[in-house]
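Engineer: One structure follows; several queries about it will come next.
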Amino acid sequence: MNAEEIAKLSDEALLARADENRPKPIWDAFFIGFLIGILFYGLFTNAWGFLALIPLFLIYLLLKKPKQYRLLQAEVKKRNLN
């Protein structure tokens, strides 16, 4: 979701999206560590291949989440909804 799509949301939809997209650092850190563990296990068992891309993609999604949250919070502040 980019800034233009966020700007088109209604006030209620924006607040709902910001609430559901709130980062949960403990869970995110746990899942990133778990996925890195899967990658290392794949490296040690010589299973480096297509299946190694799945944890890398999931790590990317978990790291991208705070950026979207910052965009949502900026739009909430811009509209004085806080």
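Engineer: Taking region 1-51 only, how many residues are within 30 Å of L72 (Cα to Cα), touching a Pro at 6+ places or on another chain (Cβ under 6 Å) and at pLDDT 85 or above?
Structural biologist: Result for region 1-51: 1.
Engineer: Output yes when any residue across region 40-51 is within 17 Å of the chain's Cα centre (by Cα) and in a helix (DSSP H, G or I), and no when none is.
Structural biologist: For region 40-51, residues within 17 Å of the chain's Cα centre (by Cα) and in a helix (DSSP H, G or I): absent.
Engineer: Being of a type outside the set (D, E, K, R) and under 30 Å from I6 (Cβ atoms) is true for just one of L51, L63. Which residue is that?
Structural biologist: Unique residue meeting the criteria: L63.
Engineer: Let me ask you something else. Does E75 meet the test of being acidic (D, E) and either over 14 Å from the mean Cα position of the chain (by Cα) or surrounded by 12 or more Cβ atoms within 10 Å (Cβ to Cβ) (or both)?
Structural biologist: The answer is yes for E75.
Engineer: Cβ-Cβ below 6 Å, separation at least six or inter-chain, first residue in region 48-59 and of a type in the set (A, V, I, L, M, F, W, C), second surrounded by 11 or more Cβ atoms within 10 Å (Cβ to Cβ) and modelled with pLDDT under 85: which pairs?
Structural biologist: Cβ pairs passing all conditions: W48/G42; A52/G42.
Engineer: In region 1-29, which residue that is under 13 Å from the mean Cα position of the chain (by Cα), of a type in the set (D, E, K, R) and part of a loop (DSSP other than H, G, I, E, B) is farthest from Y69 (Cα to Cα)?
Structural biologist: K24
Engineer: Follow-up question, since we're still on this one. Pairs under 6 Å by beta carbon, first residue without any contact (Cβ under 8 Å) to a residue 40 or more places away in the chain in region 1-28, partner surrounded by 10 or more Cβ atoms within 10 Å (Cβ to Cβ), six or more apart or different chains?
Structural biologist: Hits for this filter: D28/L62.
Engineer: So is K64 modelled with pLDDT under 85 and either surrounded by 11 or more Cβ atoms within 10 Å (Cβ to Cβ) or assigned to a helix (DSSP H, G or I) (or both) or not?
Structural biologist: So K64 passes the test.
Engineer: Restricting to region 1-37, count the residues that are surrounded by 13 or more Cβ atoms within 10 Å (Cβ to Cβ) and either among the charged types (D, E, K, R) or more than 17 Å from L58 (Cβ to Cβ) (or both).
Structural biologist: Residues flagged as surrounded by 13 or more Cβ atoms within 10 Å (Cβ to Cβ) and either among the charged types (D, E, K, R) or more than 17 Å from L58 (Cβ to Cβ) (or both) within region 1-37 amount to 7.
The values are calculated or read from the model by the stated rules, or taken from the named source; none is laboratory data. Remember, predicted model here, so these are calculated numbers, not experimental data. Positions of Cβ are generated from backbone atoms using ideal geometry, with glycine treated the same way; all protein chains shown enter the neighbour counts.
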